[in-house]
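Heads up: the structure comes next, in structure tokens.
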Amino acid sequence: MKVSIPTENGVLAAKYAKQAAPELQLKRHPIISFPIHIEDVPAAAKSLAFVFYDDDAIPVSGFTWIHWTAANLPVGTTDIPENASRLGSISMVQGNNSTAGGYVGETDPTLTQHYVGPYPPNKDHDYTFKLYALDTELDLKPGYWLNDFYKASQGHVLTTAKTVVIGKK
């Protein structure tokens, strides 16, 4: 399985990250999700899921920052268009990102249960997008937590694919 995100020399385009124009942000968070291309999903797969996260946030916040998580995407999905997180152009159940946790304490689901783009505070960060091919749909509701995804997907992951993009300070 393969997954790709368009970049400019390995860097995520500004409109999906910290440098996004104010009208493309909500409460200072970039909210327009990037397009994604998927290839070679196993024939046995019944659904797809993904997580977009930042391990380079650990020295800053003390934990991996979750920017976007979604499950139960149709197995035939080959392209997830730009802004799918907000527009609902692909069927998916979106979980909480790190703005929902106690560190930030945001409660607005239009922010907490959708894509929030890279906003590295200290230096350029590497952001990981990990795609999962699953042998079932998962019993997850909107606003699920990442640990719930890990528990629900245990024993159901057929394969994974990942790509890393840079978010500019």
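The values are calculated or read from the model by the stated rules, or taken from the named source; none is laboratory data. As the structure is a prediction and not an experimental result, all values here were calculated from the model. We place every Cβ from the backbone using ideal geometry, glycine too, and count neighbours over all the protein chains shown.
Remarks
- Region 56-75 residues that are hydroxyl-bearing (Ser, Thr, Tyr), paired with ones that are part of a helix (DSSP H, G or I) (beta carbon under 8 Å, 6 or more apart): Ser61/Ser98; Thr64/Asp55; Thr64/Ala57; Thr64/Ile58; Thr69/Leu146; Thr69/Phe149
- Residue check: Glu137 meets all listed conditions (1) under 26 Å from Ile58 (Cα atoms); (2) at pLDDT 95 or above but one, namely (1).
- Residue that is farthest from Ile90 (Cα to Cα) [pool: residues in region 1-47 that are part of a strand (DSSP E or B) and aliphatic (A, V, I, L, M)]: Val11
- Residue check, Lys2 under 24 Å from Ile166 (Cβ atoms), at pLDDT 95 or above, over 13 Å from the mean Cα position of the chain (by Cα) and of a type in the set (Lys, Arg): yes
- Considering only residues in region 144-169 that are part of a loop (DSSP other than H, G, I, E, B) and in contact with a helix residue (DSSP H, G or I) (Cβ under 9 Å, 6 or more places away or on another chain), the one that is farthest from Ala45 (Cα to Cα) turns out to be Lys168.
- Asp54 passes every criterion in (1) surrounded by fewer than 18 Cβ atoms within 10 Å (Cβ to Cβ); (2) within 24 Å of Lys168 (Cβ to Cβ); (3) of a type in the set (Asp, Glu); (4) modelled with pLDDT of 95 or more apart from (1).
- Looking only at residues of region 62-106 that are at pLDDT 90 or above, of a type outside the set (Gly, Ala, Ser) and farther than 22 Å from His37 by Cα, we find that the one that is surrounded by the fewest Cβ atoms within 10 Å (Cβ to Cβ) is Phe63.
- Tally, over region 112-143, of residues that are surrounded by 21 or more Cβ atoms within 10 Å (Cβ to Cβ), aromatic (Phe, Trp, Tyr) and not in a strand (DSSP E or B): 1
- For region 5-32, the candidate set comprises residues that are under 21 Å from Thr69 (Cβ atoms) and over 16 Å from the mean Cα position of the chain (by Cα); within that set, the residue that is surrounded by the most Cβ atoms within 10 Å (Cβ to Cβ) is Ala20.
- Summed over region 94-104, residues that are touching a residue at least 12 places away in the same chain (Cβ under 8 Å) and over 12 Å from His114 (Cβ atoms) total 2.
- Matching residues, region 1-13, being touching a residue at least 40 places away in the same chain (Cβ under 8 Å) and either of a type in the set (Phe, Trp, Tyr) or out of contact with any Leu (no Cβ under 6 Å at 6 or more places or on another chain) (or both): Met1, Lys2, Ser4, Ile5, Thr7, Gly10, Val11, Leu12
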